[in-house]
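The values are calculated or read from the model by the stated rules, or taken from the named source; none is laboratory data. It should be emphasised that the depicted structure is a prediction, and the values quoted were computed from it without experimental measurement. As a convention, Cβ positions derive from the backbone with ideal geometry for all residues, glycine included, and neighbour counts pool all protein chains shown.
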Amino acid sequence: MMKKWFGASLLVLVLALAGCSEEKAKPEPKADTTEKKANEEQSTADDLAGQQAEIIKNMEEKAVDLDPTALENDPNAYEQQIIKATGTVSAHAEKGMGGSFEMKVGDTTFKVMNFTMDSSFSEGSEITVYGNVKNGKDAKSGLPLINATYIN
């Protein structure tokens with residue numbers, strides 16, 4: 001009788017250990033891991049888009065309208081201010097980030113350095129540029145400079 005109890009106990013113990021070790025050895029399904037990563041990446045992208053929208057809204061609220069005449073009279077008139085300049089693209093030579101184009105605001109033509117990814121506009125387009133005015137003039141064209149950080 002003792003041998004039967006010992007054998008039965010040993011069999012139950014072995015089965016219990018085999019069942020436990022099998023549970024721990026199962027890897028997490030890859031679909032869940034991939035889905036979690038995709039959700040995290042989407043959440044990060046949504047956060048960045050929200051932050052960018054907030055920065056643009058803040059820039060639009062704080063921007064000062066550019067008056068070309070005031071700038072000609074005092075080159076430091078817009079120093080350390082965000083400007084808003086609405087005008088017509090008169091020449092668009094270099095497209096994309098780091099490129100430049102000329103824009104006519106009133107009777108004054110400016111050289112705009114494009115620090116945005118936007119280059120969807122073309123010659124003759126009316127656009128609004130947000131950024132800052134640089135002191136001095138462009139060495140090649142002699143035009144006053146604007147650094148564009150947002151183009152609408």
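Quick check on my filter: what residues within the stretch 63-94 are in a helix (DSSP H, G or I) and either outside the structural domain of residue 132 (by TED's automatic domain parsing) or touching a residue at least 24 places away in the same chain (Cβ under 8 Å) (or both)? First the steps, then the outcome.
As a first pass, look at the stretch 63-94 and keep what is in a helix (DSSP H, G or I): 68-73.
Within the stretch 63-94, 68, 69, 71, 72 meet the criteria.
Taken as a whole, the condition of being out of contact with any Phe, Trp or Tyr (no Cβ under 8 Å at 6 or more places or on another chain) and modelled with pLDDT under 75 applies to residue 41. For the stretch 116-147, a residue qualifies if it is touching a residue at least 24 places away in the same chain (Cβ under 8 Å), of a type in the set (Gly, Ala, Ser) and part of a loop (DSSP other than H, G, I, E, B), and the qualifying residues are 119, 122, 124, 125, 141. Going by the structure shown, is residue 33 of a type in the set (Ser, Thr, Tyr), modelled with pLDDT of 60 or more and either touching a strand residue (DSSP E or B) at 6+ places or on another chain (Cβ under 8 Å) or closer than 16 Å to residue 133 by Cα (or both)? No; evaluated as a whole, the condition is false for this residue.
Quick check, is residue 101 touching a His at 6+ places or on another chain (Cβ under 9 Å), hydrophobic (A, V, I, L, M, F, W, C) and not assigned by TED's automatic domain parsing to the domain that holds residue 56? Even if it seems obvious, please write down each step before you answer.
Values: touching a His at 6+ places or on another chain (Cβ under 9 Å): yes; hydrophobic (A, V, I, L, M, F, W, C): yes; not assigned by TED's automatic domain parsing to the domain that holds residue 56: yes.
The answer is yes for residue 101.
Does any residue of the stretch 100-113 turn out to be without any contact (Cβ under 8 Å) to a residue 12 or more places away in the chain and of a type outside the set (Phe, Trp, Tyr)? No - not one qualifying residue is present in the stretch 100-113. Can you work out which of the residues in the stretch 119-146 that are among the aliphatic types (A, V, I, L, M) and farther than 14 Å from residue 83 by Cβ is surrounded by the most Cβ atoms within 10 Å (Cβ to Cβ)? Ranking the candidates gives 143 first.
Just one of 149, 108, 116 is under 17 Å from residue 77 (Cα atoms) and either surrounded by 15 or more Cβ atoms within 10 Å (Cβ to Cβ) or under 26 Å from the mean Cα position of the chain (by Cα) (or both); which is it?
Values: 149 fails: under 17 Å from residue 77 (Cα atoms); 116 fails: under 17 Å from residue 77 (Cα atoms).
The conditions single out 108.
Evaluate the following for residue 95: is it buried (at least 19 other Cβ atoms within 10 Å of the Cβ) and over 25 Å from residue 58 (Cβ atoms)?
In short, no.
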